[in-house]
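The values are calculated or read from the model by the stated rules, or taken from the named source; none is laboratory data. Note that the coordinates shown come from a computational prediction; the quantities given were computed from them, not determined experimentally. Reconstructed Cβ throughout: ideal geometry from the backbone, glycine too, with neighbour counts over all protein chains shown. SASA here: full protein model, heavy atoms, side chains in, ligands and nucleic acids out. Shrake-Rupley method; radii C 1.70, N 1.55, O 1.52, S 1.80 Å.
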Amino acid sequence: MADATEVDRAVERAKDAFATWRSVSPGDRARLLRRFAEKVEDHAEELARLEIANAGHTAGNARWEAGNVRDVLHFYAGAPERDHGRQIPVAGGVDVTFQEPLGVVGVIVPWNFPMVIMTWGVAPALAAGNTVIVKPAEWTPLTARRLAELALEAGLPEGVLQVIPGEGEVAGARLVDHPDVRKIVFTGSTEVGKLIAAQAASQVKRVTLELGGKSANIVFADSDLDRAASSAPMAVFDNSGQDCCARSRILVERSVYDDFLVRLSHAVQAIKVGDPLDPASEMGPLISAEHRDRVASFVGAEGVHAAGSCPSGPGYWFAPAVLAAPAGFDPLAGGSGAFHRAFTEEIFGPVVSVVPFDDEAHAVQIANNTTYGLSGSIWTRDVGRALRVARAVEAGNLSVNSHSSVRYWTPFGGFKQSGLGRELGPDALAAFTETKNVFISTE
């Protein structure tokens, strides 16, 4: 584990490398990023196996993640040559803008999607001409280390991309505090994100924060109920529920509430939880014993409407669980009961809470009754309703008749306490540059 002194050395190396990297021509920087993407493609199975060992992901998920790393690198390989400024008409001369790189960028990565979330920060930062130091989560450093090696093999200069494993309170805190680190990209809990934002504020340091979520999956009576119910479990339980975008609150129109619960229960009981290397497994274990205990604290013997099954052998296994609203539960009122806690707090595990709603306005009220606003889904055949509800729900990433949250072509980020800024898409480059305005007098 790196201490603060090792972080300081890494920052010095990154500062030295920045002077060279920012002057690499856009075309050459693009070619190097494409080579990096090709290296990832060549080592995709190795990276997937590392992520299975690293984080317990299922083989299907891990292979998709390696492909996503490759695709994100290819996408931002096109960015250096398109990092355009503007010519602005003014009196008495010519006015132009330039997009200048920030310098050294720190990327602090969580344990739930290690190599994917690392790349979402690294790729646009490198494309914009910054150098990057990655601080992976203590539990999951393996794929980050390997990606840094592949970057060197692809020809990226020494010091341009470094990985420094260490504890968040030591290595991560030093990255945030270091005056020569110009920006921090952090994905993790809202609690830690607030601390980072406060610490960065003392230096007016730029931050991008992708934090917690408690997303709603809103199911109207006119929807395709079979599709809505059969797709709902993996909208929560994918990656064993360890996903900020998990649709862990299902809101169902009251007239079809009981019917939906029956269909949902069948779908949950059919989920295969098992060895991540088994292609048939849809869910693997949780990340740690500590985290399993936390998830279990939300699920008592009472109140479980339906549950799946999981292995009983070694591993941090947890069976997916459905909690149904008890009689008289008001999702808009405060409370302290077990179901209220599960319905309002981010569990980060395979537990979903289901409540009924009366009409469109009621559904929006319940969906917005949270400090979070990351993602969500809307199920309806009514296009007008889909658009009305999508505009009304306070969340950064919404899907209609789908549970998709992340595409590397489109912006990703949250409202309210789910974060600051946006990752991915064509706008991410702006998060890693400063706009410089230059006026040239012609008089």
Q: Just give me the residues in the range 135-168 being among the acidic types (Asp, Glu), within 21 Å of the chain's Cα centre (by Cα) and under 22 Å from Glu12 (Cα atoms), in sequence order.
A: Glu167
Q. Mind checking which pairs have a first residue in the range 1-21 that is without any contact (Cβ under 8 Å) to a residue 24 or more places away in the chain and a second that is assigned to a helix (DSSP H, G or I) and open to solvent by 40 Å² or more (accessible area, probe 1.4 Å), Cβ under 9 Å, 6 or more apart or different chains?
A. Thr5/Arg174
Q) Residues Thr119, Thr131, Thr208: which one is within 28 Å of Ala53 (Cα to Cα) and hydroxyl-bearing (Ser, Thr, Tyr)? A) Thr119
Q: Among what's in the range 208-226 and is in contact (Cβ under 8 Å) with a residue 40 or more places away in the chain, of a type in the set (A, V, I, L, M) and touching a Phe, Trp or Tyr at 6+ places or on another chain (Cβ under 9 Å), pick the residue that is surrounded by the fewest Cβ atoms within 10 Å (Cβ to Cβ).
A: Leu209
(Q) Quick check on Phe415: is it open to solvent by 60 Å² or more (accessible area, probe 1.4 Å) and either of a type outside the set (Lys, Arg) or more than 24 Å from Phe260 (Cα to Cα) (or both)? (A) yes
**Q.** Matching strands (runs of 3 or more DSSP E) fully within the range 22-127 where at least 3 residues are open to solvent by 20 Å² or more (accessible area, probe 1.4 Å) and farther than 23 Å from Cys244 by Cβ
**A.** 87-90, 93-101
Q) Only one of these conditions is not met by Thr187: (1) surrounded by fewer than 18 Cβ atoms within 10 Å (Cβ to Cβ); (2) touching a Cys at 6+ places or on another chain (Cβ under 9 Å). Which number is it? A) (1)
Q. Any idea which residue in the range 128-157 is least open to solvent (accessible area, probe 1.4 Å), counting only those that are of a type in the set (D, E, K, R) and farther than 18 Å from His74 by Cβ?
A. Lys135
Q: Filter the range 364-409 down to residues that are more than 23 Å from Leu225 (Cα to Cα) and of a type in the set (A, V, I, L, M, F, W, C), then give me how many there are.
A: 4
Q) How do the pairs read when you match residues in the range 50-64 that are within 10 Å of Pro285 (Cα to Cα) and touching a residue at least 12 places away in the same chain (Cβ under 8 Å) with residues anywhere that are hydroxyl-bearing (Ser, Thr, Tyr) and open to solvent by 20 Å² or more (accessible area, probe 1.4 Å), using Cβ under 8 Å and keeping only pairs 6 or more apart or on different chains? A) Gly56/Tyr316
Q) What about Glu191, is it over 30 Å from Arg34 (Cβ atoms), over 19 Å from the mean Cα position of the chain (by Cα) and at pLDDT 95 or above? A) no
(Q) Quick check on the range 322-379: of everything there that is among the β-branched types (Val, Ile, Thr) and within 22 Å of His266 (Cβ to Cβ), which residue is surrounded by the most Cβ atoms within 10 Å (Cβ to Cβ)? (A) Val352
**Q.** Criterion violated by Val304 - all others in (1) under 28 Å from Ala367 (Cα atoms); (2) aliphatic (A, V, I, L, M); (3) open to solvent by 30 Å² or more (accessible area, probe 1.4 Å); (4) in contact with a Phe, Trp or Tyr (Cβ under 7 Å, 6 or more places away or on another chain) satisfied
**A.** (4)
Q: Determine, yes or no, whether Phe318 is under 24 Å from the mean Cα position of the chain (by Cα) and in contact (Cβ under 8 Å) with a residue 24 or more places away in the chain.
A: yes
Q) Filtering the range 232-264 down to residues that are open to solvent by 10 Å² or more (accessible area, probe 1.4 Å) and among the basic types (Lys, Arg), which residue is farthest from Val304 (Cα to Cα)? A) Arg254
Q. Could you say which residue among Ala201, Ala229, Ala197 is within 25 Å of the chain's Cα centre (by Cα), modelled with pLDDT of 95 or more and open to solvent by less than 10 Å² (accessible area, probe 1.4 Å)?
A. Ala229
Q. Among the residues of the range 265-282 satisfying the criterion of being of a type in the set (D, E, K, R) and within 25 Å of the chain's Cα centre (by Cα), which is surrounded by the fewest Cβ atoms within 10 Å (Cβ to Cβ)?
A. Lys272
